[in-house]
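Working notes, beginning with the structure itself.
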Amino acid sequence: MVDLSKVSGWVQKAVADIAAFDGNTRKIDSQSEKNVLSSLLAGNLSSEDKEYIEGFMLARGASKTPKVNGKNPEKNTERAVKTEFVGTLNAENQTQMEKLKSMNKNMETFFDENGEVIRSVITGENGEQTSIIDYKKLDDGTVIGEQETKNPWGGTEKCKFKYNPETKESKLLEHISLDSNGKVTYEKHTDALGNITEKYLAGPNGETYEQTVVDGKFKGIERDADGNIIRELEGTADKNGNVQFPIDK
């Protein structure tokens, strides 16, 4: 039997949130609830956390969540689960990493009646919402996600991506960066054929840079603040759009 003293508090709270979706508010007694527990298991968890979750999925022992102030919890009508943020953060330096950590402390995830995630809201250490992701499942089983996130330097990142739950493959469809004044500084778009258009719109002297990848062929054009071409590049790119061997035209 799992040692509860070694199970993370947020994991115990998340399981209790899920149990209150349907039926008995202290038991995992619907397929929807089991689906949500499965998604929770996919995170980076300790062996004790995993064993605790699996115990509820397999209904070992009593498998009841604790009461709240001596009473059964109310039904979780929002179908929301609160957890610690367990995602991966990437930063260029330690200062930026510490800022990112302070902006990504907790996450609240909302599920539909089938146990499919439909929205995630990430909050910082002060409770401020720093990222919102909305999900829409398509008829072919793939998921389209749209995310808006605050970045450490005061701007905003907007992304649209496609994700296949079975193969775990994801593809970035759109990425737009805005500065603290709401001005677009960078954008990247990928069309249905995999062709990529990428623009850098905020050079130090007003320069802009645009590059495209079409059928594995790369082309880049740099312009000054007046729109005059400064430099042209051509080359090839791999299947992910990573430029290989660019040369001046």
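The values are calculated or read from the model by the stated rules, or taken from the named source; none is laboratory data. Please read all numbers here as calculations on a predicted model, not as lab measurements. Glycine gets a Cβ as well: all are built from the backbone with ideal geometry, and neighbour counts include every protein chain shown. Side chains included, ligands, DNA and RNA excluded: accessible areas come from the protein's heavy atoms. Shrake-Rupley method; radii C 1.70, N 1.55, O 1.52, S 1.80 Å.
Numbers below:
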{"item": "Some residue of the range 158-170 being out of contact with any Lys or Arg (no Cβ under 7 Å at 6 or more places or on another chain) and under 24 Å from GLU78 (Cβ atoms)", "result": "yes"}
{"item": "Selection from the range 89-121 of residues that are closer than 18 Å to PRO165 by Cα and within 16 Å of the chain's Cα centre (by Cα)", "result": "THR109, PHE110, PHE111, GLU116, VAL117, ILE118, ARG119, SER120"}
{"item": "Close pairs (7 angstrom Cβ cut-off, 6 or more residues apart or separate chains): assigned to a strand (DSSP E or B) in the range 161-175, loosely packed, with under 15 Cβ neighbours inside 10 Å anywhere", "result": "PHE161/SER170; PHE161/LYS171; LYS162/ILE144; LYS162/SER170; LYS162/LYS171; TYR163/SER170"}
{"item": "Which numbered condition ALA16 misses (of (1) open to solvent by less than 60 Å² (accessible area, probe 1.4 Å); (2) in a loop (DSSP other than H, G, I, E, B))", "result": "(2)"}
{"item": "Filter result (part of a strand (DSSP E or B) and open to solvent by less than 60 Å² (accessible area, probe 1.4 Å)) within the range 136-146", "result": "VAL143, ILE144, GLY145"}
{"item": "Out of LEU193, LEU173, LEU178, LEU201, sole residue that is surrounded by 15 or more Cβ atoms within 10 Å (Cβ to Cβ) and modelled with pLDDT under 90", "result": "LEU201"}
{"item": "Of the criteria (1) open to solvent by 40 Å² or more (accessible area, probe 1.4 Å); (2) under 27 Å from THR123 (Cβ atoms); (3) touching a residue at least 24 places away in the same chain (Cβ under 8 Å); (4) out of contact with any strand residue (DSSP E or B) (no Cβ under 6 Å at 6 or more places or on another chain), which one LYS82 fails", "result": "(4)"}
